[in-house]
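As structure tokens, the structure follows; a few thoughts come after it.
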Amino acid sequence: MEQPVVVITGASSGIGRATALQFAKQGADLVLAGRNNEVLIDLAAECEARGGRALAVPTDVSRNRRVKHLARAARSRFGRIDVWVNAAAVSVYAPFVDVPLDDFRRVIDVNIMGVVFGSRAALRTMILQGSGVLVNVASVLGEVPQPYGSSYALSKAAVRSLDVSLRQELMLQGITGVHVSTILPATIDTPFYGHAANYTGRRLMPMPPLYPPQAVAKAIVRAVRSPKPEIVVGRLGRTFVRLHRMTPQLIEAQMAAQTDTMNLSRKQHAPKTRGILFEPATEGEVTGGWQGAERLRRRRIVGWGILVVGGTALLLRAARSPDAPPRR
């Protein structure tokens with residue numbers, strides 16, 4: 001696919017926007033979906049300045065009718081769909097019993113049903129073509145959930161599960177030209193933390209270490225060129241996932257502690273907000289402004305320190321466990 005036709009939902013900001021710009025550099029034809037038409041038009045112009053052709057299609061992915069329209073617009077303009085990236089997502093932070101149910105349901109509608117609608121539209125076209133790559137953006141939190149973000153973690157775990165089922169169906173049907181890849185980013189420097197609904201009373205901050213959204217965009221491009229079932233973005237994220245599969249209780253305790261001390265400020269308060277759950281962001285930005293070279297270096301050191309401490313505790317606990325095999 002030297003000049004693929006790429007549909008991207010959630011293209012207005014963050015990972016979706018970074019992915020659009022990365023594909024534009026490759027000369028791709030882009031169909032950009034998001035809720036703010038003005039932001040999409042500006043992004044389309046930026047993509048075309050980088051070498052790609054771009055079409056802006058305002059879309060609320062929680063509405064199947066709008067997602068079907070998005071797919072028709074892509075086929076009408078470019079004749080096919082080679083790549084579909086589901087990157088649209090929203091989040092709410094609050095204790096589970098305090099989350100307004102309308103907000104919880106909105107996260108499910110966007111993060112799960114939006115992926116369902118997008119995946120159905122993409123696969124119906126790709127199966128008829130006999131080729132294509134569906135990329136669904138999940139999260140490391142779909143593997144290692146965190147407190148106060150139950151709806152988001154639930155939605156990202158559901159995306160991973162959906163993609164496994166889709167790959168199995170394609171295998172059973174003997175469809176070898178269509179691929180489904182799941183991307184699991186770690187903590188990424190995007191506007192996510194400013195966009196999330198928040199009822200905790202504490203300011204949201206990214207948990208170290210922090211990675212640039214361009215790293216996820218490049219992973220998505222690689223997934224298109226050489227499809228893999230799952231790709232974890234961020235070295236520490238990959239290690240965290242492996243450790244969780246070995247010793248889930250310890251890593252979950254560590255995630256809880258890190259969320260309480262690093263993801264939610266103990267010093268800075270924040271008013272209750274619904275973020276962009278029901279209203280689109282007014283500006284389109286790739287990053288959240290959290291990342292500077294020195295800050296990134298310090299945060300990575302802190303993150304690796306946390307991992308080393310956690311790994312050491314894990315080994316000590318295993319050695320002291322009464323169920324541990326006797327030493328020879």
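Data for the structure
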read-out	value
Odd one out for Met255, checked against (1) buried (at least 17 other Cβ atoms within 10 Å of the Cβ); (2) in contact with a Pro (Cβ under 6 Å, 6 or more places away or on another chain)	(2)
Selection status of Leu141, out of contact with any Asp or Glu (no Cβ under 9 Å at 6 or more places or on another chain) and either within 24 Å of Arg17 (Cα to Cα) or touching a residue at least 12 places away in the same chain (Cβ under 8 Å) (or both)	yes
Sole residue being aliphatic (A, V, I, L, M) and part of a loop (DSSP other than H, G, I, E, B), chosen from Val180, Val144	Val144
Residue match in segment 164-172 (condition: over 20 Å from Ala219 (Cα atoms) and among the polar types (S, T, N, Q))	yes
Restricting segment 100-137 to residues that are assigned to a helix (DSSP H, G or I) and among the β-branched types (Val, Ile, Thr), the residue that is nearest to Leu172 (Cα to Cα)	Ile127
Identity of the residue in segment 81-99, in a helix (DSSP H, G or I) and touching a residue at least 12 places away in the same chain (Cβ under 8 Å), that ends up farthest from Gly142 (Cα to Cα)	Asp98
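Each reported figure results from applying straightforward, stated rules to the coordinates on display, with no laboratory input. Nothing here was measured: the structure is a model prediction, and the numbers come from that model. Virtual Cβ from ideal backbone geometry, glycine too; neighbours counted across all protein chains shown.
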